[in-house]
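Take a look at the structure set out below.
The values are calculated or read from the model by the stated rules, or taken from the named source; none is laboratory data. Note that the coordinates shown come from a computational prediction; the quantities given were computed from them, not determined experimentally. A quick note on method: Cβ atoms are made from the backbone with ideal geometry, for glycine too, and the neighbour counts reach across all protein chains shown. These accessible areas exclude ligands, DNA and RNA; they are computed on the full protein's heavy atoms, side chains included. Shrake-Rupley method; radii C 1.70, N 1.55, O 1.52, S 1.80 Å.
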Amino acid sequence: MEKAVHSSTTPGPKVPGEATKTGTSIVDTATSAVQSFAPVNQIHQHLCAFHFYAYDMTRQVEAHHFCSHVNEEMRQCLIYDGPDANARLIGLEYIVTEKLFMTLPDEEKKLWHTHEWEVKGGFLFMPGVPGPIQRQDLDKVAKTYGKVFHFWQVDLGHDLPIGLPNVMMAVTRDGQLFHEMIQETEKRFGVSIEGEREARAYMSGPELGIHPLANGGGKGLKLELREVDIKSVESVAEAVV
């Protein structure tokens, strides 16, 4: 595959605006001392992976997931364009087990992607975590399905989140990711994707196999905006009376 026209493995342009003032920082410190931030504090792991736009495989983004378990069947992840403190929140992902995925309507299934090859191919990893430890959890992830939306098109250099959300997909075979992108990520995080692939050869995907409607059902997906009539408060009240 030729080199990407649009790709992202490093943070994009600086967000416009004044630097955070001392007064703002003081208020932030005060509120953090009394508020719990319980949902955010449930985040327990950092996963690094690659996403591409569901309608354009040449647009590829390195995606840093910060995830928490809702329960054993579901995780929810905030996605940033990097692992540093100044990283931008660009999207989110829901991850569910095969059991939950199979309960979804067929039209919904198309929005979800598989993780089998992403994990077994070594393309999804936990930065800084020893291989044997991360494999214990990734063996479970390989059997799951994920639904991803990105809100900030950092690969185009946008300095603000412009446009509609985009459905994203994950790799399902070799040759989908640009080689230069893989090499850059390996160098930056000191990982060997090929080495992890060999170490994960024993893993398996969903018990029932990859569902044919997953991964867009083999088709591209793109959200579009259309105008509709707005239901007014008055119409709702009249219906209730």
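Judged by a Cβ-Cβ distance under 4.7 Å, the unpaired cysteines of the chain are 48.
Spatial offset of the stretch 26-102 relative to the stretch 178-212 amounts to 20 Å, using the alpha carbon center of each. Note on residue 66: accessible area approximately 50 square angstrom, rounded to 10, probe 1.4 Å, nucleic acids and ligands left out.
In the context of the full set of protein chains, the chain has a per residue accessible area of 57 Å² (1.4 Å probe). When the C-alpha to C-alpha distance is required to be over 26 Å, the pairs from 14/187; 99/147; 140/222 that qualify are 140/222.
Which percent of the accessible heavy-atom area of the chain goes to carbon and sulfur, probe 1.4 angstrom?
Details: 7830 of 13830 Å².
The computed percentage sits at 57.
Packing around the peptides 29-39, 55-65, taken as the average count of other Cβ atoms within 10 Å per residue, puts them in this order, highest first: 55-65, 29-39.
Computed 3J(HN,Hα) for the stretch 175-180, one whole-Hz value per residue from the Karplus formula 6.51 cos²θ - 1.76 cosθ + 1.60 where θ = phi - 60°, is x, 8, 9, 6, 4, 4, glycine and proline marked x. Accessible surface for residue 229 stands near 150 Å², nearest 10, in the context of the full protein assembly shown (1.4 Å probe).
At R0 = 30 Å, how high is the FRET efficiency between residue 99 and residue 225 if r is their beta carbon distance? Nearest 0.05 is fine. Efficiency, from the Cβ-Cβ distance: 0.30.
Going by the alpha-carbon gyration tensor, a ≥ b ≥ c the square roots of its eigenvalues, is the stretch 88-154 rounded (a/c under 1.5) or, if a/c is not under 1.5, prolate (a/b greater than b/c) versus oblate?
Values: a/c = 2.51, a/b = 1.23, b/c = 2.04.
It comes out oblate by the Cα gyration axes.
Residue 232 to residue 30: extension gain in nm, 0.36 nm per residue of separation minus the Cα-Cα distance? The partial results should precede the final answer.
Details: separation 202, 0.36 × 202 = 72.72 nm, distance 4.13 nm.
68.6 nm is the gain from fully extending residue 232 to residue 30.
Rounded to whole numbers, the Karplus 3J(HN,Hα) couplings from phi for the stretch 105-112 are x, 4, 4, 6, 4, 5, 7, 9 Hz, using 6.51 cos²θ - 1.76 cosθ + 1.60 with θ = phi - 60°, and x at Gly and Pro. With the simple spin-label model, which puts each label point 7 Å out from Cα in the Cβ direction, the residue 207 to residue 186 separation comes to 3.6 nm.
Rounded to the nearest 500, the helix-only mean residue ellipticity at 222 nm of the chain stands at -7000 deg cm²/dmol, with each DSSP H run of n ≥ 4 adding -39,500 (n - 2.57). The fraction of all Cα pairs in the stretch 45-217 landing in successive 10 Å bins from 0 to the largest distance is 10, 41, 39, 10, 0, given as whole percents.
What percent do you get for the relative contact order of the stretch 45-217 when only Cα pairs under 8 Å and 6+ apart count? Don't jump to the answer; show the numbers that get you there.
Values: 325 pairs, mean separation 46.3, N = 173.
It rounds to 27 percent for the stretch 45-217.
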